[in-house]
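First up is the structure itself, then whatever we jot down about it.
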Amino acid sequence: MEEPASGFGPSGGTDEEKSLDTIEPQEPQKRTLAYHLYTIWLFTASDIKSVVVPETLLGLSTALSGSLLSSNAAPKLLDVLSRVPSIALWNWLSLFLFDVDNQFQPDSIIEDSVNKPWRAIPSKRLTAEEARHSMLVIIPTVFLATLYLGGTREAMTLAIMTCMYNDFNGADVHFVTRNWLNAFGYMCYSSGSMIVAVGYGQHQLNETAKWWLAIIGGIIFTTLQMQDMPDVEGDAARGRRTIPLVYGDTVARWSIATPIIAWSFIVPTFWKMSPLGYVAPVAIGVVFAGRLLMLRNVAADGVTWKIWCVWMTMIYLTPVCKEKLALGR
């Protein structure tokens, strides 16, 4: 599930986020509609690239893959594209729920004060108590929205996983616990995206889609610790037991690079791709692994984290690359 805020959402610090670090804590000011909208944006700003964008593309890939993953053997491109706002909204709502719940936790405030001081609570745009109270509106809003959009079961499962991750400190107990919570959370994001994308109430996912979700969960479980590499200082401040803090930098880097290379071959093999189908995931995976092992500093790790997001997006697109004729329908 961050960090996806360090979970099925939040991500490591990046150059783009570092520019936000110069934002000074807000002086008391009138809370206009624009003020509230910007505050809401700050909760999810660092996770759009690691959750909303790739999961929306996963939904599109699923819908355009035709009978490979759903009961719709002949998807129409315009119909699928018309669902993009719904897919993105479903992901953003679920992410917003997670991020707000994550960021009002006392340990998260400590971590964000080090890694992301521009976020809504450390920058004093609202208090932790106000964010906590907002959950009384956010949870039913997400529930009602998904009754219309689809993926209600996945969204509510994510809400439960959010509680386990944040409120019961599942993210801090051990890196294995954190990784499986992240993996299951991402599987919920992926399943919800796929259900909305294929047309809620019109078409269903097939058995292959279930195997595909399991593979996605395996990838997240074995590689998402990449998000911890740029966040070591903040994780140490809150006492989180991540792989780089427990086993050291070298072990952590090899624990990420090795599965990245393995999955770069496993996924195209699962989809029975031609040799050409291996080129993009393997090439990006090799670049990722090389950077991770050779460039060992926070700034470089921020860029490498972005490459992970690109690699994951490429992995998500493999079904539609397999069913390339779907794009021409």
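Below are the figures for this structure:
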read-out	value
Members of the stretch 243-267 that are among the charged types (D, E, K, R) and open to solvent by 20 Å² or more (accessible area, probe 1.4 Å)	D249
Out of A262, A237, A252, sole residue that is hydrophobic (A, V, I, L, M, F, W, C) and modelled with pLDDT of 95 or more	A262
Options C321, C309: the member that is in a helix (DSSP H, G or I), hydrophobic (A, V, I, L, M, F, W, C) and either closer than 26 Å to S113 by Cα or touching a strand residue (DSSP E or B) at 6+ places or on another chain (Cβ under 8 Å) (or both)	C309
Residue within the stretch 109-121 that is among the aliphatic types (A, V, I, L, M), touching a helix residue (DSSP H, G or I) at 6+ places or on another chain (Cβ under 8 Å), outside any helix (DSSP H, G or I) and over 30 Å from M314 (Cβ atoms) present	yes
Flag if R240 is crowded, with 16+ Cβ neighbours inside 10 Å, in contact with a helix residue (DSSP H, G or I) (Cβ under 9 Å, 6 or more places away or on another chain) and farther than 29 Å from F270 by Cβ	yes
Neighbours by Cβ (under 8 Å, 6+ apart or cross-chain): first from the stretch 129-156, part of a helix (DSSP H, G or I); second among the hydroxyl-bearing types (S, T, Y) and at pLDDT below 95	L149/Y200
Hits in the stretch 265-305 (condition: at pLDDT 90 or above and basic (K, R))	K272, R291
Cβ-Cβ under 6 Å pairs, at least 6 apart or on other chains, the stretch 212-228 side more than 14 Å from M187 (Cβ to Cβ) and modelled with pLDDT under 95, far side open to solvent by less than 20 Å² (accessible area, probe 1.4 Å) and acidic (D, E)	Q227/E2; Q227/E3
Selected residue (only one of V142, V80, V114 is touching an Asp or Glu at 6+ places or on another chain (Cβ under 6 Å) and surrounded by 14 or more Cβ atoms within 10 Å (Cβ to Cβ))	V114
The listed residue being open to solvent by 50 Å² or more (accessible area, probe 1.4 Å), modelled with pLDDT of 90 or more, more than 14 Å from the chain's Cα centre (by Cα) and more than 27 Å from T127 (Cβ to Cβ), out of S71, S65	S71
When residues of the stretch 268-298 are limited to those that are among the basic types (K, R) and not in a helix (DSSP H, G or I), the one most open to solvent (accessible area, probe 1.4 Å)	K272
Odd one out for V137, checked against (1) under 20 Å from the mean Cα position of the chain (by Cα); (2) open to solvent by 30 Å² or more (accessible area, probe 1.4 Å)	(1)
Residue count for the stretch 153-194, restricted to those that are among the polar types (S, T, N, Q), open to solvent by 10 Å² or more (accessible area, probe 1.4 Å) and at pLDDT 95 or above	2
Of all residues in the stretch 93-132 being over 24 Å from L158 (Cβ atoms) and small (G, A, S), the one that is modelled with the highest pLDDT	S123
Test: residue in the stretch 215-222 that is crowded, with 22+ Cβ neighbours inside 10 Å, touching a strand residue (DSSP E or B) at 6+ places or on another chain (Cβ under 9 Å) and of a type in the set (A, V, I, L, M, F, W, C)	no
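The values are calculated or read from the model by the stated rules, or taken from the named source; none is laboratory data. The model shown is predicted, which means the values in this text are computed figures rather than measured ones. FYI the Cβ positions are ideal-geometry reconstructions off the backbone, even for glycines, and counts take in every protein chain you see. The protein model used for the area step is the full one, side chains on, heavy atoms only, and it has no ligands, DNA or RNA in it. Shrake-Rupley method; radii C 1.70, N 1.55, O 1.52, S 1.80 Å.
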